[in-house]
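Visitor: Below: one structure in structure tokens.
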Amino acid sequence: MNRLKQKYTRLLGRILHFDIQVLNATETINYIKSNEKISVIRFGDGEFDLIRGKSIPYQDYVPALSHRMKKIILRGTNKNELVCLPDVFKDLNRYTKTCKSFFFDYFYQNRKILKEISKRNNIYGSTFISRPYIDLKDKSGSDEYFRLLKSIWKGKDILIVEGKFTRSGEGNDLFSEAKSIRRIICPAKNAYSKIAEIEKAINKYKDKRLVLLMLGPTAKVIVDDFKTDENQFIDLGHVDTEYEWFLMGAKSKIKIPHKHTAEFNYDDNKVKLLANDSFNEQVVDQI
């Protein structure tokens, strides 16, 4: 029985092998720093769910959004955009047992599009530029990594485009070295339905700022829409949650009560936002 199980596991491993080239997180950050005009789009498991026709907690399935994201992925990295995928296709041993199990399921569920991606021979950045902590077995390099990440916006004027409950950098020093911060606050759910309004607000307030987006699948389309813009746009997703977990030395995914927390997507109605004059002064528009 064990021999049959081993044979099945080896066979499944061959079926779920994908020849997809992904830079690691540090290589991706260095690529971004050396190409300051290139914008960044990250694709995680939620985006792949939508591409398969499945709604996710903070974005209902919309065929136009699904089609657009698949087109961006298959087009891959180009002179204007660094397209990022999970860095899981060569070595899963870096990750926790729970993470490895999750991505084994991910391989199976998304095997059709992953085979399509394999045939394109593109090189992708790492989606994990903003998820560099909690799923790693060895977290000893996290401090150095976050310093490198924060150097992207050090001394720069930035525009943050985020959901209502995201509150990136609130209560921590994630963006403390930015020269100045503006924020556009967007819907926490189904932001894609407001994309025209969001892009209008970005155009109004972006000036020559570095634009950082924490807006789920909608961020992918926004970055692509602005790909020839003079501003650099970077999709950073759940970076604040990862940084909070890093600061507290978390060993597992812990709910943060006063802001949205990655993997707690059904709990936004329980978030109790802090009264924060400093944060509110940064908000230039709310959609």
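The values are calculated or read from the model by the stated rules, or taken from the named source; none is laboratory data. None of the values given here were measured: they were computed from a predicted structure. FYI the Cβ positions are ideal-geometry reconstructions off the backbone, even for glycines, and counts take in every protein chain you see. For accessibility, only protein heavy atoms count, side chains too; no ligands or nucleic acids. Shrake-Rupley method; radii C 1.70, N 1.55, O 1.52, S 1.80 Å.
Visitor: Could you tally the net charge around GLY171, taking each other residue with its Cβ under 11 Å from the Cβ of GLY171, Lys/Arg +1 and Asp/Glu -1?
Guide: Around GLY171, the surrounding residues sum to -2.
Visitor: Could you compute the FRET efficiency for LYS208 and LYS100, with r as their C-beta to C-beta distance and R0 at 45 Å, rounded to 0.05?
Guide: The formula returns an efficiency of 0.60 here.
Visitor: A further question follows. At a probe size of 1.4 Å, how large is the accessible area of ASP157, to the nearest 10 Å²?
Guide: 50
Visitor: Take the cross-link list LYS70/LYS150; LYS97/LYS272; LYS37/LYS71; LYS79/LYS115; LYS90/LYS112 and give me the ones stretching past 26 Å between alpha-carbons.
Guide: Flagged as over cut-off: LYS70/LYS150; LYS97/LYS272.
Visitor: Per residue, how much accessible surface does the chain expose to a 1.4 Å probe? Answer in Å², no decimals.
Guide: 49
Visitor: On average over all directions, what projected area in square nanometres does the chain have, based on the convex hull of its Cα atoms?
Guide: 15.1
Visitor: Follow-up question, since we're still on this one. Between LYS227 and GLU36, what length comes free when the chain is fully extended (0.36 nm per residue of separation minus the Cα-Cα distance, one decimal in nm)?
Guide: Taking LYS227 through GLU36 to full extension adds about 67.5 nm, to one decimal.
Visitor: Run the numbers for ASP45 and LYS194: contour at 0.36 nm per residue of separation, minus the present Cα-Cα distance, in nm.
Guide: Separation in residues times 0.36 nm, less the Cα-Cα distance, equals 51.4 nm.
Visitor: On a 1.4 Å probe surface of the protein chains, which of TYR31, TYR106 comes out largest in accessible area, and what is the full order?
Guide: Solvent-accessible surface, decreasing: TYR31, TYR106.
Visitor: If we count every other residue with Cβ under 9 angstrom of PRO257's Cβ, Lys/Arg +1 and Asp/Glu -1, where does the sum land?
Guide: Taking every Cβ under 9 Å from that of PRO257, the sum is +4.
Visitor: OK, next. Taking Cα pairs under 8 Å and at least six residues apart, what relative contact order does the chain come out at, in percent?
Guide: Worked out over the chain, it gives 23 percent.
Visitor: Another one. Can you list the residues of region 17-34 with backbone N under 18 Å from a point 7 Å past the Cα of TYR108, pointing along Cα to Cβ?
Guide: In region 17-34, the label zone of TYR108 (backbone N under 18 Å from the point 7 Å along Cα→Cβ) covers 17-18.
Visitor: Something else now. For LYS270, list the aspartates and glutamates whose Cα falls under 19 Å from its own Cα; do not include residues on the same chain fewer than 8 positions away.
Guide: Filter leaves GLU162, GLU170, ASP240, GLU244.
Visitor: With labels modelled as points extended 7 Å from the Cα through the Cβ direction, what inter-label distance (nm, one decimal) is found for GLU177 paired with LEU247?
Guide: If labels sit at GLU177 and LEU247, their model points lie 1.6 nm apart.
Visitor: Something else now. Keeping the other protein chains in place, figure out the carbon and sulfur percent of the accessible area of region 117-226, with a 1.4 Å probe.
Guide: Roughly 46 percent, rounded to a whole number.
Visitor: Report the FRET efficiency, 1/(1 + (r/R0)^6), for SER118 and LYS54, where r is their Cβ-Cβ distance and R0 is 30 Å, rounded to 0.05.
Guide: The computed FRET efficiency comes out at 0.85.
Visitor: While we're looking at this one, here's another question. Determine the sum of side-chain charges near LYS54: Lys and Arg each +1, Asp and Glu each -1, restricted to other residues whose C-beta is under 12 angstrom from that of LYS54.
Guide: -3
Visitor: Okay, moving on. If each residue of separation counts as 0.36 nm, what is the full-extension length gain between LYS270 and ASP91 once their alpha-carbon separation is subtracted?
Guide: Here the segment from LYS270 to ASP91 would lengthen by 60.7 nm.
Visitor: Shifting gears a bit: Counting only the heavy atoms of the protein chains, how much of ASP225 is accessible to a 1.4 Å probe, in Å² to the nearest 10?
Guide: 70
Visitor: Can you give the longest stretch of the chain with no exposed loop site, where a site means GluC sites (Glu not before Pro) in a DSSP loop (not H, G, I, E or B) with at most 13 other C-beta atoms within 10 Å?
Guide: Segment 37-176 is the longest.
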